[in-house]
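Here's the structure, in C-alpha coordinates; my notes come after.
The values are calculated or read from the model by the stated rules, or taken from the named source; none is laboratory data. What you see is a predicted model, and the numbers here were worked out from it, not measured in a lab. Virtual Cβ from ideal backbone geometry, glycine too; neighbours counted across all protein chains shown.
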Amino acid sequence: MREDSRERAEFLAILTQARSEWLQAQNYFELVSDPDLVDYAIYQMEAAKLKYMYLIKQARKLGFENKWIIQEEPSKRFN
(Lines give C-alpha, C1' and ligand atoms only; values in the text may rest on other atoms or scores of the structure.)
Protein backbone atom coordinates (compact mmCIF):
# COMPACT_ATOMS: atom_id res chain seq x y z
CA MET A 1 0.00 0.00 0.00
CA ARG A 2 2.77 2.46 0.85
CA GLU A 3 4.41 1.80 -2.50
CA ASP A 4 1.15 2.59 -4.30
CA SER A 5 0.58 5.85 -2.44
CA ARG A 6 4.18 6.90 -3.04
CA GLU A 7 3.82 6.20 -6.76
CA ARG A 8 0.58 8.19 -6.86
CA ALA A 9 2.28 11.10 -5.09
CA GLU A 10 5.16 10.96 -7.56
CA PHE A 11 2.74 10.92 -10.48
CA LEU A 12 0.88 13.93 -9.08
CA ALA A 13 4.20 15.75 -8.71
CA ILE A 14 4.98 15.05 -12.38
CA LEU A 15 1.50 16.23 -13.37
CA THR A 16 1.90 19.41 -11.33
CA GLN A 17 5.30 20.06 -12.90
CA ALA A 18 3.83 19.61 -16.39
CA ARG A 19 1.12 22.14 -15.59
CA SER A 20 3.74 24.56 -14.31
CA GLU A 21 5.75 24.13 -17.54
CA TRP A 22 2.62 24.89 -19.56
CA LEU A 23 1.95 28.06 -17.55
CA GLN A 24 5.57 29.15 -17.93
CA ALA A 25 5.44 28.54 -21.68
CA GLN A 26 2.31 30.67 -21.98
CA ASN A 27 3.90 33.45 -19.95
CA TYR A 28 6.98 33.32 -22.18
CA PHE A 29 4.78 33.52 -25.30
CA GLU A 30 3.10 36.64 -23.93
CA LEU A 31 6.45 38.33 -23.30
CA VAL A 32 8.32 37.76 -26.57
CA SER A 33 8.07 40.05 -29.56
CA ASP A 34 10.81 38.88 -31.91
CA PRO A 35 9.19 36.81 -34.71
CA ASP A 36 11.72 33.99 -34.34
CA LEU A 37 11.09 33.81 -30.62
CA VAL A 38 7.33 33.91 -31.14
CA ASP A 39 7.62 30.79 -33.30
CA TYR A 40 9.71 29.08 -30.64
CA ALA A 41 7.30 30.17 -27.90
CA ILE A 42 4.34 28.71 -29.81
CA TYR A 43 6.18 25.42 -30.28
CA GLN A 44 7.16 25.33 -26.60
CA MET A 45 3.61 26.17 -25.47
CA GLU A 46 2.01 23.49 -27.66
CA ALA A 47 4.52 20.86 -26.56
CA ALA A 48 3.91 21.66 -22.89
CA LYS A 49 0.14 21.57 -23.43
CA LEU A 50 0.26 18.18 -25.14
CA LYS A 51 2.43 16.76 -22.36
CA TYR A 52 0.02 18.00 -19.72
CA MET A 53 -3.05 16.72 -21.57
CA TYR A 54 -1.38 13.32 -21.98
CA LEU A 55 -0.67 13.14 -18.25
CA ILE A 56 -4.26 14.09 -17.43
CA LYS A 57 -5.48 11.21 -19.60
CA GLN A 58 -3.08 8.86 -17.86
CA ALA A 59 -4.25 10.09 -14.47
CA ARG A 60 -7.84 9.30 -15.35
CA LYS A 61 -6.85 5.83 -16.55
CA LEU A 62 -5.07 5.28 -13.23
CA GLY A 63 -8.24 6.21 -11.35
CA PHE A 64 -7.34 9.65 -10.08
CA GLU A 65 -10.36 11.71 -9.10
CA ASN A 66 -10.92 15.01 -10.91
CA LYS A 67 -10.35 16.99 -7.71
CA TRP A 68 -6.72 15.78 -7.73
CA ILE A 69 -6.16 16.86 -11.32
CA ILE A 70 -5.71 20.56 -12.01
CA GLN A 71 -7.36 21.20 -15.36
CA GLU A 72 -7.45 24.98 -15.52
CA GLU A 73 -6.11 26.20 -18.84
CA PRO A 74 -3.44 28.88 -18.54
CA SER A 75 -5.46 31.41 -20.55
CA LYS A 76 -8.34 31.17 -18.07
CA ARG A 77 -6.28 32.40 -15.15
CA PHE A 78 -5.76 35.78 -16.82
CA ASN A 79 -9.48 36.48 -17.31
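Considering every residue within segment 13-25, establish whether at least one is basic (Lys, Arg) and at pLDDT 95 or above.
The initial filter retains those residues of segment 13-25 that are basic (Lys, Arg), namely 19.
Narrowing the set further to residues that are at pLDDT 95 or above leaves none.
So far as segment 13-25 goes, no, none of its residues is basic (Lys, Arg) and at pLDDT 95 or above.
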Next on the checklist: Restricting to segment 30-55, count the residues that are among the hydrophobic types (A, V, I, L, M, F, W, C), surrounded by fewer than 18 Cβ atoms within 10 Å (Cβ to Cβ) and part of a helix (DSSP H, G or I).
Outcome noted: 7
